[in-house]
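Asker: Quick one: the structure is below, questions incoming.
The values are calculated or read from the model by the stated rules, or taken from the named source; none is laboratory data. What you are looking at is a predicted structure, and each value in this text was computed from that prediction instead of being measured. Quick reminder, even Gly has a Cβ in these numbers, built from the backbone with ideal geometry, and neighbours come from all protein chains shown. For the accessible areas, the whole protein counts, side chains as well, though only heavy atoms, and no ligand, DNA or RNA atoms are used. Shrake-Rupley method; radii C 1.70, N 1.55, O 1.52, S 1.80 Å.
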Amino acid sequence: MTLTAQTERSITAAASGSSDRSNARIATASPLTTTRVVSAFTILVFFLAWSVSAHFKLVSPVFLPSPQAVLWKFYSVATTGFVDATLWQHLSASLFRVFAALLFALLVAIPVGIAIGISAIGRGIFDPILEFLRPIPPLAYLPLVIIWFGIGESSKILVIAIAMLAPIAISTASGVRGASVERINAARALGATRVQVVRYVILPSATPSILTGLRIALGTGWTTLVAAELVAATRGLGFMIQSAAQFLVTDVVIMGIFVIAIIAFILEIGIRRVERLLVPWSGRE
């Protein structure tokens, strides 16, 4: 009887442990699954409401064209073009400006963020500049950039780059300040120079924060792109949207907005994958 009771208790405990593990897996997977289902349902309801409104003309087609009209305009602009350029030409011009600005911002903002994070002098020099630029909307300094640099590509890229500087620099500084003191001291004890400590200890520790700043900066860059392309542009998604708005070509406006959102979403996914490759340990320590 005693052996049987012990066996029953062991089986019950094992079953209970297996059940607990299954419940834990369900609890872990459930929020993500629920989020995806709710997101898909929300998108479906949005497009359904849009289609119904357009079908019954609850809003004038001039102001709210149907999803079919927007989809057809996507094909039309991609093949025949709009304002003397196809969709791909507009897209390539905008991508060039955004990525050129991003490269410039990275080359400037990462050293600035490191200087702020490791040096009181660097913090004293660059902090006031960043805090001055950060809250200013791009349209406020756009006229000044045009006066100084003209209406060419350089002014457009510079406006976007200035908008990207603060997020990257602040995130970099935060990551540098969050580097492990024990690792830094261990590297110094092993004879590492200041440059080696920055390169092999501080920068790897700050990489997750830098990538977070990069994601924020890309969003800011796309927001600024429309404003930058207001100035003497002949191609670009922002230019295409503004040109369509002037003539009430609403389907092109909506199509351009969707293109920007899709490109931004793709870039976000790309950066997340790069983050998993470069810093697989992020969030596990």
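Asker: What helices (runs of 4 or more DSSP H) lie completely within segment 199-284 and have 2 or more residues being hydroxyl-bearing (Ser, Thr, Tyr) and closer than 22 Å to residue 136 by Cβ? Can you show your working first?
Answerer: On the way: elements: 203-228, 237-246, 250-278.
The qualifying helices (runs of 4 or more DSSP H) are 203-228.
Asker: Looking at segment 33-84 only, could you name the residues that are in a helix (DSSP H, G or I) and open to solvent by 100 Å² or more (accessible area, probe 1.4 Å)?
Answerer: Passing the criteria: 36, 41, 44, 46, 48, 55, 68, 71, 72, 75.
Asker: So, in segment 96-142, exactly how many residues are more than 27 Å from residue 205 (Cα to Cα), open to solvent by 70 Å² or more (accessible area, probe 1.4 Å) and not aliphatic (A, V, I, L, M)?
Answerer: 4
Asker: Another question about this same structure. Here are 108, 62, 52: which of them is under 28 Å from residue 224 (Cβ atoms) and among the β-branched types (Val, Ile, Thr)?
Answerer: Residue meeting the stated conditions: 108.
Asker: Residues that are open to solvent by 60 Å² or more (accessible area, probe 1.4 Å) and without any contact (Cβ under 8 Å) to a residue 60 or more places away in the chain: does segment 155-169 have at least one? Explain how you work it out, then say what you get.
Answerer: Taking segment 155-169 and keeping what is open to solvent by 60 Å² or more (accessible area, probe 1.4 Å), we get none.
Scanning segment 155-169 turns up no residue that is open to solvent by 60 Å² or more (accessible area, probe 1.4 Å) and without any contact (Cβ under 8 Å) to a residue 60 or more places away in the chain.
Asker: From the list 224, 193, exactly one residue is open to solvent by 30 Å² or more (accessible area, probe 1.4 Å) and either of a type in the set (Asp, Glu) or more than 30 Å from residue 51 (Cα to Cα) (or both). Which is it?
Answerer: From the options 224, 193, the qualifying one is 193.
Asker: All but one of (1) touching a helix residue (DSSP H, G or I) at 6+ places or on another chain (Cβ under 8 Å); (2) touching a residue at least 60 places away in the same chain (Cβ under 8 Å) hold for residue 234; state the number of the condition that does not hold.
Answerer: Residue 234 satisfies every listed condition except (1).
Asker: Using the structure shown, decide if residue 147 is surrounded by fewer than 13 Cβ atoms within 10 Å (Cβ to Cβ), of a type in the set (A, V, I, L, M) and either touching a Ser or Thr at 6+ places or on another chain (Cβ under 6 Å) or in a helix (DSSP H, G or I) (or both).
Answerer: So residue 147 passes the test.
Asker: Go through (1) farther than 16 Å from residue 91 by Cβ; (2) among the polar types (S, T, N, Q); (3) touching a residue at least 40 places away in the same chain (Cβ under 8 Å) and name the single condition residue 185 misses.
Answerer: Going through (1) farther than 16 Å from residue 91 by Cβ; (2) among the polar types (S, T, N, Q); (3) touching a residue at least 40 places away in the same chain (Cβ under 8 Å) one by one, residue 185 breaks only (3).
Asker: Right, another one. Return the only residue of 122, 178 being more than 26 Å from the chain's Cα centre (by Cα) and free of Cβ contacts under 8 Å to residues at least 40 places away in the same chain. Steps first, please.
Answerer: Values: 178 fails: more than 26 Å from the chain's Cα centre (by Cα).
Checking each option against the conditions leaves just 122.
Asker: If residue 274 passes every condition in (1) β-branched (Val, Ile, Thr); (2) surrounded by 14 or more Cβ atoms within 10 Å (Cβ to Cβ); (3) within 24 Å of residue 114 (Cα to Cα) but one, which one does it miss?
Answerer: Among (1) β-branched (Val, Ile, Thr); (2) surrounded by 14 or more Cβ atoms within 10 Å (Cβ to Cβ); (3) within 24 Å of residue 114 (Cα to Cα), the lone unmet condition for residue 274 is (2).
Asker: Let me ask another. Give 186, 173, 163, 192 a once-over and let me know the one that is outside any helix (DSSP H, G or I) and either farther than 30 Å from residue 143 by Cβ or modelled with pLDDT of 90 or more (or both).
Answerer: Going through 186, 173, 163, 192 in turn, the sole match is 192.
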